[in-house]
1. When a/c reaches 1.5 or more, the comparison of a/b and b/c decides; with that in mind, is the range 148-193 rounded, prolate or oblate per its Cα gyration tensor?
2. Which one, Ile181, Ala141, Leu197, projects farthest toward the positive side of the charge dipole computed for the range 77-210 from Cβ point charges (K/R +1, D/E -1)?
3. 7 Å from Cα along Cα→Cβ at both Asp88 and Arg122: what's the point-to-point distance in nm?
4. Taking 0.36 nm per residue of separation and subtracting the Cα-Cα distance, what length does fully extending Asp184 through Val19 add?
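Nothing in this text is a laboratory measurement; each read-out follows from the coordinates by a stated rule. Because the structure is a prediction, the values reported are computed rather than measured. Here the Cβ is made from the backbone with ideal geometry for all residues, glycine too, and neighbour counts use every protein chain on show.
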Amino acid sequence: MTFFVQGLNGHERMPLERVFKEKVVEKAEAVTPVRAVDDENEQEGGGAGSRQRYAVEAYQSVEQLPQSRAALHAEQIMSSPVVTLEPDATVDEALELFRTRRVRHLPVISSRGQLVGTVSERDLLRHLAGVTEEYRRQAPADSTARIETVMRSPVLTASPDTDVRYIARLFVEQRVGALPIVTDGELAGIIARSDVLSAVMRHYVLELWA
């Protein structure tokens, strides 16, 4: 499982601690009790001792539930082959692909077949409306502008063996809409938020922490 930052100057491996901003929630562990349960409080019908015993039994019953250890990998849910653009394509050409192919994110591939950036439907609409990422007004842009002037680069990518749970966490923490999947710097597929949601529906027994 590997994440990369990929752009015009090649790709660089990205450690997990740099990808994620926050630590995941850790599984609870047993703790040493402060004091022993008072048997005298174990009266029929209630009491602090009974409540504690019931709580322990409930926790143990949850611990005994079957857990799925099977990891779902990016290559199992990614879309492939991928609709792509070249850097010298125009905004109009990209809009036509969004309309006809019903996608919301397009990887940008160089003439050498390397992933150099991505462009989203939102990027193009903001560009045409003359609104920056900070929601500041500027002059509306020309629809014949080249995609390389609009695309996001460098772009975060992942290897095909990446655990889907990490990708889902990335979408939430980094507000990423889609993640290209690469092998040796070449585009192998792409995963969108909808792909992750579909995976959750099909593989609902997956553990909630990675």
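1. Since a/c reaches 1.5 but b/c is at least a/b, the shape of the range 148-193 is classed as oblate.
2. The one lying farthest along the dipole's positive direction is Leu197.
3. Calculated label separation equals 3.1 nm.
4. 57.5 nm
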